[in-house]
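Everything on this sheet refers to the single structure shown next.
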Amino acid sequence: MKAGLREFAELCKALEATSSRNAKVALLSKYLKGVSPEDAEIASYLLLGLPSDVEGRRPLSVGWSTISEALYSRPAATLIQEPLTLRELWLSLKSMSSLRGAGSRRRKVSILQSLFQRCGVDEREWVLRILSGEMRHGVNHGLMLEAVASLTGFDLDYVRRVDMLLSDIGELVRLAVAGELGRADLKLFHPVRPMLAEMCNDVGEAIKLHGGLTSFEPKYDGVRVQLHVEGQRIRVFTRRLSDITERVPDVVEALRGALRAGSAVLDGEVAAINEAGKVMPFQDTMRRIGRERDVDEVAQLLPLRLWIFDILYLDGEALIDKTYEERRHRLEAIISQDLLAPRLSTSNPEEAEEFLRRAVWEGHEGLVAKDPRSVYTPGRRGAKWLKIKPAETLDVVIVAAEWGHGRRRGWLSNYHLAVLDEKTGGFTVVGKTFKGLTDEEFQYMTERLLSIKTGETEWGVTVRPEIVVEVAYNEIQRSPHYESGFALRFARITRIRSDKTPAEVDTLTRLRMLHEQKFEKKGRI
Ligand code: AMP
C-alpha cells in the first residue's frame, strides 16, 4: 500500500505531542516498519524537513510569497480528489526544485495549489513545515539513527558508521526497511564523510599514542578532496560532500593517466601553488575553489596541486576496513609518485622532528600522524589520526592563580591567562595552564602573585594583571566556558616576559583573527 500524507501528518503530530526520546524512537520505527522501503526513504527526508535533498541536494527555493499566493488565491478546479500520497508530494517538491527562470513562479504556485487542495488541515500544516524546513517535532538526524537501530536490531554504532558511509539518510532508512542494512557498503560516486584528525602536542606524543611506531605525512594547508574514479569518469567532492568537479579541471587532469586502476576512491588535499610550485596561503586556495566562472583562465593563474594520501575503494573492493598500512601499499601500487603524499614511518622522534621542519619549510601546516594499524573511520575525529602543528605563541597576562595539589601543594601553580579586550579595556580569560615552569619558577611566581593579590577564592587568588607570560599553544578553540568565547588548547608557559607590560599583551581581536584564519576555514566548503 502507498503511504498517505494523512498518516504521515498523524505521525508528525504524535511526535510533536511527546517530549520523550524513547517514545519518539518507538513512533518512528513503528511507522517506518509499516511502509515500503521507498516510502520510508521519502518519509525520512520529509521528517527531517529536507526539501533541499530533493533533486541532488539542490535547495528547494520556494519563497513565502509564492506559498501564500498558493494558499490564498483561488485555484483552478482540480479533478483529483483522492488523498495525497507521500510519493506524490515528493514528486511535486522534486519538480518544483527543478523549475528555473521565467514562469517558474507561476508553475510553483499552481503545483502548490493542487497540493493544498488535496490536503486536510493537518496535512497542510505539515506540508508548510516541510516547505519551511522547520518541522519542530523534535526529530533530528541522531534520533532517526536511533529509530533505525531500533527497527533493525543493529547496534547504534554500526548504524552511525553506515550513516557516515552513505551520507544519505534516505538511503540508510530505505536499506534498513528493506532488511539490507548489513550489506551497506561504500559505493562509487557516493562520497563518504572523510576521517578527521585530533590535535596532539608533538611528534613524541604521537609516536607514544600509536604504540611506538607511526606514519607521518605533511599536513597540507588546503582543501580536502575525495576523488571518485571509474575509467574516464572522475568526480571530485569536498569534505562537506559538495561536488566541485567543474571547478577543478586541473585536478581532474592531473589524476587522469596517473592511476593504474579501473576504479578507485581516493582521499587527498588540494592547494593553490605559485609558479615556483610553492604552496600559496589558504585564502588563495579558497578563492580558486570558490570560483565557478572562467575556471580555465583562473586555473592558469592559480593552479591547484593535488596530493593523495589514502584509498578507500579499489576495483570493486571497499578498503576502509583494511589497515592504514595496507591501504597505503595498495595506493602506492596504483598511483604515480608525484601525486602521492610522502610519508615517514618511524619510532624516532628526532627523525620525525626533522620531517616536521621540512614540511613547514615547504609551506605546509605541520604533520598528520597515522596509526599504521588503524582502519578508516568515515566522519570520525579520533586519536588514530593526530595532527601536529608547530606551536604558536601569544603573550598573555595572569589574572588569577589556583593552589596546586600533590607535588605542587603550597604553590600557586595553575594560572588563569588573559588577553586584552580593547573594547572594554579590561582583560579576558582565554585559558589556564600549570605547564612549563620549573620548581624554582613556581616558587618565584607564588611569591610574586601573593604580592599582587587582590582577593582570595576557595581555589586560590585573584591578582592585579601585572605578570606577562609567553604561552605556546596548539589550537585556539571556541569555548562557551570563558566569557571571551575562546580557549587555548595545550597552553604551556614558555617564558616569563618581565620585559613586557600588561598593555602589550595580545588582544582579543588578534585571537579572533587567528582563530578565523586557521580553524574555521576548513568547514566552509
Ligand atoms: P583540521 O581541519 O585542523 O581539523 O585538520 C584536519 C584536516 O587536515 C583534514 O580535513 C584535511 O583537510 C587536512 N589534511 C592535510 N593534510 C592531511 C593529511 N596528510 N592527512 C589527513 N588530513 C590532512
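The values are calculated or read from the model by the stated rules, or taken from the named source; none is laboratory data. Everything numeric in this text was worked out from a predicted model, so none of it was measured. Reconstructed Cβ throughout: ideal geometry from the backbone, glycine too, with neighbour counts over all protein chains shown.
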(Q) Where the second residue is part of a loop (DSSP other than H, G, I, E, B) and basic (Lys, Arg) and the first is under 26 Å from GLN232 (Cα atoms) and in contact (Cβ under 8 Å) with a residue 24 or more places away in the chain and lies in the stretch 186-200, which pairs have Cβ atoms under 9 Å and are six or more apart or on separate chains? (A) ARG193/ARG239; ARG193/ARG240; ARG193/ARG380; PRO194/ARG239
Q) Does GLY410 count as within 16 Å of the ligand (Cβ to nearest atom), at pLDDT below 95 and small (Gly, Ala, Ser)? A) no
(Q) Going by what's in this entry, would THR501 be described as of a type outside the set (A, V, I, L, M), farther than 16 Å from TYR415 by Cα and more than 16 Å from the ligand (Cβ to nearest atom)? (A) yes
Q: Return yes or no: is GLU353 of a type in the set (Asp, Glu) and in contact with a strand residue (DSSP E or B) (Cβ under 9 Å, 6 or more places away or on another chain)?
A: no
Q) Is there any pair linking a residue in the stretch 414-427 that is within 18 Å of THR393 (Cβ to Cβ) to one that is surrounded by 21 or more Cβ atoms within 10 Å (Cβ to Cβ) and of a type in the set (S, T, N, Q), with Cβ under 7 Å and at least six apart or on different chains, and which? A) TYR415/THR433; LEU417/THR433
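Of ARG478, ARG464, ARG495, which residue is outside the structural domain of GLU365 (by TED's automatic domain parsing), at negative phi and touching an Asp or Glu at 6+ places or on another chain (Cβ under 6 Å)?
On the way: ARG478 fails: touching an Asp or Glu at 6+ places or on another chain (Cβ under 6 Å); ARG464 fails: touching an Asp or Glu at 6+ places or on another chain (Cβ under 6 Å).
It is ARG495.
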Q: Take the stretch 209-242 and flag every residue that is within 8 Å of the ligand (Cβ to nearest atom) and within 27 Å of GLU317 (Cα to Cα).
A: GLU217, VAL223, ARG224, ARG239
Q: Hey, could you check the stretch 254-289 for residues that are more than 16 Å from the ligand (Cβ to nearest atom) and of a type in the set (Lys, Arg) and say which is surrounded by the most Cβ atoms within 10 Å (Cβ to Cβ)?
A: ARG287
Q. Checking SER263 against (1) at pLDDT 95 or above; (2) closer than 21 Å to TYR220 by Cα, which test does it fail?
A. (2)
Q: With a cut-off of at least 1 residues that are modelled with pLDDT under 95 and not charged (D, E, K, R), name the helices (runs of 4 or more DSSP H) lying wholly within the stretch 288-401.
A: 295-301, 349-361
Q) Taking the stretch 163-204 on its own, how many of its residues are out of contact with any helix residue (DSSP H, G or I) (no Cβ under 6 Å at 6 or more places or on another chain), buried (at least 20 other Cβ atoms within 10 Å of the Cβ) and in a helix (DSSP H, G or I)? A) 1
